[in-house]
1. When the range 70-79 is examined, which residues are found to be free of Cβ contacts under 8 Å to residues at least 60 places away in the same chain and more than 15 Å from residue 13 (Cα to Cα)?
2. Considering only residues of the range 26-44 that are in contact (Cβ under 8 Å) with a residue 12 or more places away in the chain and surrounded by fewer than 14 Cβ atoms within 10 Å (Cβ to Cβ), which is farthest from residue 88 (Cα to Cα)?
3. Based on this model, can you work out whether residue 189 counts as at pLDDT 90 or above and outside the structural domain of residue 251 (by TED's automatic domain parsing)?
């Protein structure tokens, strides 16, 4: 019968000599013997005892008074070794194998190359686009561009052949000498996008808000509501239905303190007003001519 085996890696230098603190009674290569019977932990010295144990390619010892075995040394020429720890539990012999092997620590490697800086822009003529992925020093750049071809937006990565070549209609995407086309990105969902600059080909949503520099909403576009309650465009306030300028889904609009300059064309029939005490409605029965109407009248509302 055997107890569960155990393994420990011994860290060594390039000459395969164990590092300080790896071996010995105060080292890391130590195993504690725990014996269970029927799920109950048995007591060392009372329920079980050590028998003679044997090591291969190692020397070992027992920490005094404790059920712990440590590896004291390893053979210089050996890559690994073990000790078979023999015990006796209630007259039954058991064995646990404690194995160790040498692990050579490597020297500190050289600093790797810094990654390329990726620049994403809309293609334009007169730009020195680059692909520095093959360079081994200095700051390196890879340019990605979006470009419309036959009214379709496509995405390209500059090739190294573009380095030192100024962009022009002759070498624009999709010229395969200078550009590698990228796969179209699948739609993604994210609750928030922050971007200093963006080129958006298609944008849709339930509401768009325009904010002042201090973050307060001052205008927007909305798809909420319908008819006379559906404000589609508003400006001058944070609440669509209370803004001083708003346009409804049915085409009607509200403008506080409107100043109209220019031509008002037919059919223009009435101005409905509300004075301090009396409402007056102004009706026009002929078309305006040179800014005047020759036939109009006012009546209480």
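The values are calculated or read from the model by the stated rules, or taken from the named source; none is laboratory data. Here the structure is a predicted model, which is why all the values come from computation and not from measurement. Note that each Cβ is placed from the backbone with ideal geometry, even for glycine, and that neighbours are counted across all protein chains shown.
1. Hits for the range 70-79 are 70, 72.
2. 32
3. For residue 189, the condition - at pLDDT 90 or above and outside the structural domain of residue 251 (by TED's automatic domain parsing) - is not met.
Every residue, every condition in (1) closer than 30 Å to residue 132 by Cβ; (2) surrounded by 10 or more Cβ atoms within 10 Å (Cβ to Cβ), yes or no:
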site: 150; (1), (2): no, no
site: 153; (1), (2): yes, yes
site: 182; (1), (2): yes, yes
site: 188; (1), (2): yes, no
site: 211; (1), (2): no, yes
site: 214; (1), (2): no, no
site: 224; (1), (2): no, yes
